[in-house]
Structure formats: structure tokens, C-alpha cells
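The values are calculated or read from the model by the stated rules, or taken from the named source; none is laboratory data. Please read all numbers here as calculations on a predicted model, not as lab measurements. Cβ coordinates were reconstructed from backbone atoms using ideal geometry, including for glycine residues, and neighbour counts include every protein chain displayed. Quick note on the areas: whole protein, heavy atoms, side chains included, nothing else; ligands and nucleic acids left out. Shrake-Rupley method; radii C 1.70, N 1.55, O 1.52, S 1.80 Å.
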Amino acid sequence: MSDTPTRCGYVAIVGRPNVGKSTLLNHILGQKLAITSRKPQTTRHTMLGIKTEGAVQAVYVDTPGMHKSNDKALNRYMNKTASAALKDVDVVIFVVDRTRWTDEDQLVLERVQYVEGPLIVAVNKVDRMDDKADLIPHLQWLQEQLPKAQVVPISAQQGHNLTSLEAVIGNLLPESEHFFPEDQITDRSSRFLAAELVREKIMRQLGAELPYQITVEIEEFKLQGRTLHIHALILVERDGQKKIIIGDKGERIKRLGTEARKDMETLFDAKVMLNLWVKVKGGWSDDERALRSLGYTD
């Protein structure tokens, strides 16, 4: 038996929308779990990503971006979810984008400054800065805003300095038995992950054309022999949105299906037969009851 004490704890990844939180989680885990796109608010649900390395198990909580708009039930749900994640964790990582600073970053800063436990500020995308000298005064400014925090420059996309970040996290986690088996990587079901992969393809291909009123429900998920049969229902709010997703002669939905299926086969390590349908369900994103039935619950 090793004398090294085991450490384990929850690590919340917070920040404004589209700052690279999900990309960071995927790179730490070494595989794609959280969906990403260039569109803000791609992440809607909190999801755990579990990484066990030797004596240390870090349970990452990927949260929706905190943003100013609270006008719809879906927006309120996402802000509430992100704020709740700050309460019950052992370490908080506040992700910011180089020297860019927005009102929404300020909003997150105002929340994280009251966090009692350890806080890390991960300054992301530093590989994209032409003049690294600009970074120094910004890092100092961040340190003044959050005197207790450890500031770590990283690139989530390229994987730069993530080993240092993980070492800092590991040292901050409390001594504890591990909460999960060492081969488990998430608390979410395969059905949930399948729905998210379909939603990611839609966000990536149609981000500019479609508003947020789109969600995906898995109606069937079963293994027959060595093949996974997955039926996914794409819910939109209007007929026009349905036409956009189906595309000319069904070309668009075929492409969405092909891309989602490839990712599913990698994630589930199985052959996948994927069927996609589109259905109009008006007003779901501002209907608390509809949101609950679609899995948007605390």
C-alpha cells in the first residue's frame, strides 16, 4: 500500500458564456464529454467530468456560462445552475479569456469573490496573444481583484500548461476516499450524452441561423447485438426552424446525423444506428413545466 493519502473533491469550472469551460474539461479528461461550439450558452446543464490519477480524484463540474439575460425560463435556469455550483464545491476555477474583460466577466467576478474555499483564475487562450507582455499587467490586475486566488495562464484548446493547473488543483483537494470508481468519467447517462452530441452538431452548423429554442430528446436507446439503436427527437418552436434543420431535400439533417453518429461511435465504442426527427413544440424554452419534462431540473 502507498502512504500517499487519497484526495478527492468537487471542482467547479465557472465563467461567462463561450470562454472555453467545456473545452477545458474535455482536454483535462482527455476525451470529448462536454459539447462545444462558438455560440455562447452551448452548455445548459451541469455535468460532472471525473478524472482519477493515482491518489487524486478530481470531480469537475462543468457549468453553463453566467450571463446577464434573465428574461426566459431557460436563461434563469442556466444562471441558477451556475450559481448553485459555487456553493458545494472544494475548488472553483474561474476561466477568463486573455486580457478581454466584459460586463459578464465582471458579473462572475462579483460572485466568485465571496467563495470561501480555494479559487483558481485560469487565464485561457494565452497562445493566441501576439504580445505576451500585455498579459503581465492583466495578471497583476486579476490578482488584485481576487487576492486569495492562484492565477494560472493556460490554453484549453492546445492543452498548454494544463499539467500545472491540474497539479495546483490536486494540492487543493481535501484528503478523502474517492467518490467514484476510477474508470467512471461522468455522472450523466449515455442517453444524455447522445442528446447533447446531436445538439452540438446543430449549434455548430446552424448557430447563426437558429435561435436557442432548440432541444433534443432521446426516445429510444437500445443495444441490439453489437449495434446501438438511437432515436433522437429535435424539438423546435416554429415551422421555419424545422425547415432549416431538415434542409433542402433533407440534406442538412442527413449531415447532422452523420456527424453526430461518428462522435457517438467514438464515445460509446460501438456501431450506432441513429434516427433523427424534428418536431415543433411552441414556447418550450419559456415554459417552466416543459423545461422540467425535458430534463431541465435542479
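Of note:
- The portion of the accessible surface of region 168-263 made up by carbon and sulfur, rounded to a whole percent, is 46 (1.4 Å probe; DNA, RNA and ligands excluded).
- Euclidean distance of C-alpha centroids, region 213-231 and region 94-108, integer Å: 37 Å
- Surrounding net charge for Asn171, when Lys and Arg each add one and Asp and Glu each subtract one, Cβ distance under 12 Å: -2
- Computed over every Cα-Cα pair of region 147-243 and binned at 5 Å starting from 0, the pair-distance distribution P(r) comes out as 2, 9, 12, 12, 13, 13, 12, 13, 8, 3, 1, 0 percent.
- For Lys87, the aspartates and glutamates whose Cα comes closer than 20 Å to its Cα, not counting residues fewer than 8 places off in the same chain, are Asp62, Glu104, Asp105, Glu110, Glu116, Glu175, Asp187, Asp298.
- In sequence order, calculated HN-Hα J values of region 169-186 (Karplus, 6.51, -1.76, 1.60; Hz; x Gly/Pro): 4, x, 6, 8, 6, x, 5, 6, 5, 6, 7, 10, x, 5, 9, 7, 10, 7
- For region 237-276: lysine pairs under 19 Å (alpha-carbon distance), excluding those fewer than 8 apart on one chain: 5
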